[in-house]
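Participant: Right, I'll just put the structure down here and ask away after.
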Amino acid sequence: MATRHFLSLMDLSADELRGITERAIELKALRAQGITTEPFRDKVLGMIFEKSSTRTRVSFEAGTAQMGGSALFLSPRDTQLGRGEPIEDSARVISRMVDMVMIRTFGHNVLERFAAYSRVPVINALSDSFHPCQLLADIQTYVEHRGSPAGKVVAWVGDGNNMCHSYINAARLCDFELRIACPEGYEPDENIVAAAGDSVTILRKPEDAVRGADWVATDVWASMGQETEQLVRIEAFKGFLVDHELMGHANTDAVFMHCLPAHRGEEVSAELLEDESIAVVWDQAENRLHAQKALMEFLQEQGS
Ligand code: CP
Ligand code: NVA
């Protein structure tokens, strides 16, 4: 059987995504009761980070330990990857020694090339194109707070970036309507949008996207790797701040999500981020742990 990878949400069927979400909720409850399961005993997760991280590193490392295994942090600074050893060679070597690999990188093709030569499952821990692990956590968070996202209206306010692309894929798999508000020139990839058909609309005014929405999400305006564009982007995204006033256009029980880290006063107001009656960002961050444990369990079962 071919090794299953998780490079984007579209590597899962809608049923598999539902199953992983349910298992994540179950694993969270078990952990709260102090019950441990160790399906990863004696297993090793290789973690390749070419970009910074707090949530992703801590959740994968803690999650692996909680499952009875161990995690290896590998950065280009101190591996041969940083000195130009080809991805294909690194994949063949590393995947003979560990049981699963997660990679945070720039170009999505790095993940695809690694996966093509890997003997073990490869997980996308963020690329310039997608951030599917974050969506596992976001979906879990919505289900926990409001139930199934099917048939709901989700508003994405901000950059058409890796997170936005993963929201588009989530709209396809979870059957919700996604309204994206972004400035001209900052749209998501047109092929990813086209593949989603009628479930995605691109709008220019944040109020138009948020009107009647059940779930509003945003992210930083300049992603990792775009630091030099920061000032230009602050100018381009004027009017795209998500605050209580904008949330006033949404449904009364709408939730606000942000994958974090957040830039208070840029894409989100400090007051909204701190308002736990609307913002569910800390649950979202915690759910990275539970969702990824469920994902790793799933990928391991697929290979056995
Ligand atoms: N949301 C997220 O992936 O956070 P980190 O960059 O801290 O991992
Ligand atoms: N779009 C952001 C997400 C960070 C978790 C980035 O790529 O930097």
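The values are calculated or read from the model by the stated rules, or taken from the named source; none is laboratory data. Since the model is a prediction, treat every value here as computed from it, not as a measurement. Neighbour counts are summed over all protein chains in view; Cβ atoms, including those assigned to glycine, are modelled from backbone coordinates with ideal geometry. The accessibility values were calculated without ligands, DNA or RNA, using every heavy atom of the protein model including side chains. Shrake-Rupley method; radii C 1.70, N 1.55, O 1.52, S 1.80 Å.
Participant: GLN302 to ALA116: FRET efficiency via 1/(1 + (r/R0)^6), r the Cβ-Cβ distance, R0 22 Å, to the nearest 0.05?
Facilitator: Result of the calculation: an efficiency of 0.80.
Participant: Here is a follow-up. Using a ≥ b ≥ c from the Cα gyration tensor of the chain (square roots of the eigenvalues), is it rounded, prolate or oblate, where a/c under 1.5 gives rounded and otherwise the larger of a/b and b/c decides, a/b for prolate? Display every interim value, and only then the final one.
Facilitator: Values: a/c = 1.79, a/b = 1.41, b/c = 1.27.
Prolate shape, in that a/c is at least 1.5 and a/b is the bigger ratio.
Participant: Convert each backbone phi in the stretch 179-196 into a coupling constant with the Karplus relation 6.51 cos²θ - 1.76 cosθ + 1.60 (shift: θ = phi - 60°), then list the ³J(HN,Hα) values in order as whole Hz, x for Gly and Pro.
Facilitator: Result, ordered by residue: 10, 9, 10, 9, x, 4, x, 10, 6, x, 4, 5, 6, 5, 5, 4, 5, 8 Hz.
Participant: What net charge is computed for the residues neighbouring PHE237, neighbours being all others with C-beta under 10 Å from the C-beta of PHE237, Lys and Arg scored +1, Asp and Glu -1? Provide the component values of the computation, followed by the final result.
Facilitator: Details: positive: ARG233, LYS238; negative: ASP159, GLU235, GLU266, GLU267.
Result for the local shell: -2.
Participant: Tally up the carbon and sulfur contribution to the accessible surface of the chain as a whole percent, 1.4 Å probe, everything protein left in place.
Facilitator: Carbon and sulfur: 49 percent of the exposed surface of the chain.
Participant: On to the next question. Over the chain, what is the mean sequence separation of C-alpha contacts under 8 Å (at least six apart), divided by residue count, expressed as relative contact order in percent?
Facilitator: 20
Participant: Using a probe radius of 1.4 Å on heavy atoms only, what accessible surface per residue do you get for the chain? Whole Å² is fine.
Facilitator: 43
Participant: List the lysines whose alpha-carbon lies under 24 Å from that of LYS293, not counting same-chain residues fewer than 8 positions away?
Facilitator: Output for LYS293: LYS28, LYS43, LYS51.
Participant: Any lysines with Cα under 16 Å of the LYS238 Cα? List them, leaving off those in the same chain fewer than 8 positions away.
Facilitator: LYS205
Participant: Let me ask something else. Compute the projected area of the convex hull of the Cα atoms of the stretch 173-304, averaged over all viewing directions, and report it in nm² to one decimal place. Show your work: numbers first, answer last.
Facilitator: On the way: hull surface 39.1 nm².
Mean projected area for the stretch 173-304: 9.8 nm², to one decimal.
Participant: GNM, the chain, Cα, under 10 Å: largest mean-square fluctuation among GLY69, GLY158, GLY197?
Facilitator: GLY197
Participant: Give the accessible area for MET247 in Å² (nearest 10); use a 1.4 Å probe, count only protein heavy atoms, and leave out ligands, DNA and RNA.
Facilitator: Only protein atoms counted, so the area is about 20 Å².
Participant: Specify the angular offset, from 0 to 90 degrees and rounded to the nearest 10, of the alpha carbon long axis of helix 162-174 from the longest principal axis of the alpha carbons in the chain.
Facilitator: 90
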